[in-house]
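Step one of this worksheet: look at the structure below.
The values are calculated or read from the model by the stated rules, or taken from the named source; none is laboratory data. The structure presented is a predicted model; accordingly, all values stated were derived computationally and were not measured. When we count neighbours, we look across all protein chains shown, and the Cβ atoms used for this are built from the backbone with ideal geometry, even at glycine. Heavy atoms of the whole protein, side chains included, go into the accessibility calculation; ligands, DNA and RNA do not. Shrake-Rupley method; radii C 1.70, N 1.55, O 1.52, S 1.80 Å.
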Amino acid sequence: MIINLAMKSHLIPKIPLLLVTTTCIFAVTSFASDKPRKAPPVKPANQYAAFDAHPKEQVTVAAEPCDDSKDCDFFRLPYIQHGFIPIRVIFTNDSDSALSLDEARMQFISINNDKVPAATDDDIQRRLFSTKGAAGKKYPLPLPLPPITVHDKPVDKQITADEDDFGFKSTTVNAHSTLAGYLFYDVRQLNDQPLRGAELYIKMVNTLPDKDGNKKQIFDFNIPFDKWLAAQSAQKPTAPSQ
């Protein structure tokens, strides 16, 4: 997927990654023998437990977290075990105008108002693999030029494969269509129940520029995860009475 660099730091993890040269801190299966993987089919955003609908603008956005690896075992790497919550963000555009996510920002806002941007590929790489060598080697240049950093190898193929299979395939939400992709949020420093009282805050979603270059910004979206937690609790079977 093609994403600009400014967007990457806050939205969709898809920029060149680092591969550390030390041994991975957990065992992974061989990519060469990896079988095709599929996430659950995407539904319209208003069919998920947690969503925010803008009837006037005819746009709905939903957020579907995964806090149990059994519920998203299609990922190739154990993101949840390393402090990330994968969240599938679903945009349904029922209007007659296409939308652009090029400038969009999607933040995880905790109950204590901690603002967590979507993790970059570098963030994920450093967390899942040994940190030794992650920063690369610095080579000095003649002053006043700053040193350059050289990284040894490209990113592990399992991470890029998850990007290709489960990330956003585009930054354009066409009219009368739904677009979805997974983002990863680092919640390791939050409390034991990071979703409780938290929300996904989305801003700077625009219409595509018209022939004169004009575009309109859609109102912000606030998606409370308590709605998702309540739906999860309702699905759990109740214990039989004694």
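For region 205-229, which residues satisfy the criterion of being of a type in the set (A, V, I, L, M) and open to solvent by 60 Å² or more (accessible area, probe 1.4 Å)?
Scanning region 205-229 gives a single hit, 208.
What's the number of the only condition in (1) modelled with pLDDT of 90 or more; (2) open to solvent by 70 Å² or more (accessible area, probe 1.4 Å) that residue 184 fails to meet?
Every condition holds for residue 184 apart from (2).
For region 168-204, what are the residues that are of a type in the set (Val, Ile, Thr) and within 19 Å of residue 119 (Cα to Cα)?
171, 187, 202
Within region 42-83, track down each residue that is surrounded by 15 or more Cβ atoms within 10 Å (Cβ to Cβ), within 24 Å of residue 192 (Cα to Cα) and free of Cβ contacts under 8 Å to residues at least 24 places away in the same chain.
Passing the criteria: 66, 80.
Is there any pair linking a residue in region 154-171 that is within 17 Å of residue 42 (Cβ to Cβ) and open to solvent by less than 40 Å² (accessible area, probe 1.4 Å) to one that is of a type in the set (D, E, K, R) and modelled with pLDDT of 90 or more, with Cβ under 6 Å and at least six apart or on different chains, and which?
Within 6 Å, the pairs are 162/76; 171/102.
Residue check: is residue 128 open to solvent by less than 10 Å² (accessible area, probe 1.4 Å) and more than 18 Å from the chain's Cα centre (by Cα)?
Answer is no for this residue.
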